[in-house]
Amino acid sequence: DMKVTQMPRYLIKRMGENVLLECGQDMSHETMYWYRQDPGLGLQLIYISYDVDSNSEGDIPKGYRVSRKKREHFSLILDSAKTNQTSVYFCASSRGQNTLYFGAGTRLSVL
Amino acid sequence: GEQVEQLPSILRVQEGSSASINCTYENSASNYFPWYKQEPGENPKLIIDIRSNMERKQTQGLIVLLDKKAKRFSLHITDTQPGDSAMYFCAASGNSGTYQRFGTGTKLQVVP
């Protein structure tokens, strides 16, 4: 069963706290992504990972970092979260430049 | 330029009529153009895609057209139903080293 799993689904944090969003996929896809979705802005790429320890910045990487130590797992870290990082975060995976398979999303609120 | 422009942002159509969404891209090296549908509270899911070696593709009431010269592609939903109400996103990407960039989305409302 092709699946991208995100944890947690909902998260409330205070400004300045650290945030860890986790993502797993069972399709052995080399490429994984972190997007954030905000009303009127669509899906903006934060980071892309082409394989283990092969990560590149997307369009809006500032304030975020990522970790990929296993092909099936990709983490997004917010060190000292800010209120403007309140958003819905989607993880996705793909085989090369093909269809993206998205996780269910994490709704993050930074108060 | 890597931007993908998508219009309209909101589209309201009568049930049974057609709906059209248009996107333009800047990077002439783009060769893959997927369309995703996102229902409220859900994740985006692929509904149809087209590659640059085609000009037209059709599947189950969906038609995509690609005009490489104008760097424009479009989604046409024929005989719209209430279940077609959702957000729709276009995207464009090229070969390795580039990644899918998304349009800002179209909220489609199909009214009885």
So which of A:LEU41, A:LEU76 ends up being facing another protein chain (nearest Cβ under 9 Å) and either under 29 Å from B:PRO8 (Cβ atoms) or modelled with pLDDT of 95 or more (or both)? A:LEU41
Identify all residues within region A:38-59 that are touching a Phe, Trp or Tyr at 6+ places or on another chain (Cβ under 9 Å) and either aliphatic (A, V, I, L, M) or on the phi > 0 side of the Ramachandran plot (or both); write none if there are none. A:GLY42, A:LEU43, A:LEU45, A:ILE46, A:ILE48
Out of (1) in contact with an Asp or Glu (Cβ under 7 Å, 6 or more places away or on another chain); (2) closer than 26 Å to B:PHE89 by Cβ; (3) not aromatic (Phe, Trp, Tyr), the one A:MET27 does not meet is (1)
Pull up region B:1-12, narrow it to residues that are within 11 Å of another protein chain (Cβ to nearest Cβ) and farther than 21 Å from B:PRO82 by Cα, then point me to the one that is nearest to the chain's Cα centre (by Cα). B:GLN6
Which residue is farthest from A:GLN25 (Cα to Cα), if the candidates are limited to region A:83-96 and must be surrounded by fewer than 20 Cβ atoms within 10 Å (Cβ to Cβ) and within 11 Å of another protein chain (Cβ to nearest Cβ)? A:VAL88
Being among the hydrophobic types (A, V, I, L, M, F, W, C), under 22 Å from A:ARG36 (Cβ atoms) and either over 11 Å from the mean Cα position of the chain (by Cα) or exposed (fewer than 13 other Cβ atoms within 10 Å of the Cβ) (or both) is true for just one of B:ALA91, B:ALA29, B:ALA86. Which residue is that? B:ALA86
What number of residues within region B:58-72 satisfy the criterion of being under 20 Å from B:SER28 (Cβ atoms) and surrounded by 12 or more Cβ atoms within 10 Å (Cβ to Cβ)? 6
Report yes if some residue within region A:63-74 is out of contact with any strand residue (DSSP E or B) (no Cβ under 7 Å at 6 or more places or on another chain) and farther than 22 Å from A:TYR10 by Cβ; otherwise report no. yes
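Specify which of the listed residues (B:GLN38, B:GLN3, B:GLN100) is at pLDDT below 95 and buried (at least 18 other Cβ atoms within 10 Å of the Cβ).
B:GLN100
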In region A:7-93, which strands (runs of 3 or more DSSP E) lie fully inside it and hold 1 or more residues that are acidic (Asp, Glu)? A:19-25, A:31-38, A:42-51, A:54-57
Does A:ARG71 fit the bill of being surrounded by fewer than 21 Cβ atoms within 10 Å (Cβ to Cβ), under 11 Å from the mean Cα position of the chain (by Cα) and basic (Lys, Arg)? no
Strands (runs of 3 or more DSSP E) completely within region B:13-112 that count 2 or more residues being of a type outside the set (D, E, K, R) and within 11 Å of another protein chain (Cβ to nearest Cβ): B:32-38, B:45-51, B:86-92
Can you tell which of A:LEU100, A:LEU76 is more than 28 Å from B:ASP49 (Cα to Cα) and aliphatic (A, V, I, L, M)? A:LEU76
Being within 22 Å of B:LEU46 (Cβ to Cβ), among the polar types (S, T, N, Q) and out of contact with any Gly (no Cβ under 8 Å at 6 or more places or on another chain), is that true of even one residue in region A:36-57? yes
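Taking the conditions exactly as written (over 21 Å from A:GLN44 (Cα atoms) and of a type outside the set (Gly, Ala, Ser)), does B:ASP67 satisfy them or not?
The answer is yes for B:ASP67.
The values are calculated or read from the model by the stated rules, or taken from the named source; none is laboratory data. Values in this document were obtained by computation on a predicted structure and should not be read as measured data. Glycine gets a Cβ as well: all are built from the backbone with ideal geometry, and neighbour counts include every protein chain shown.
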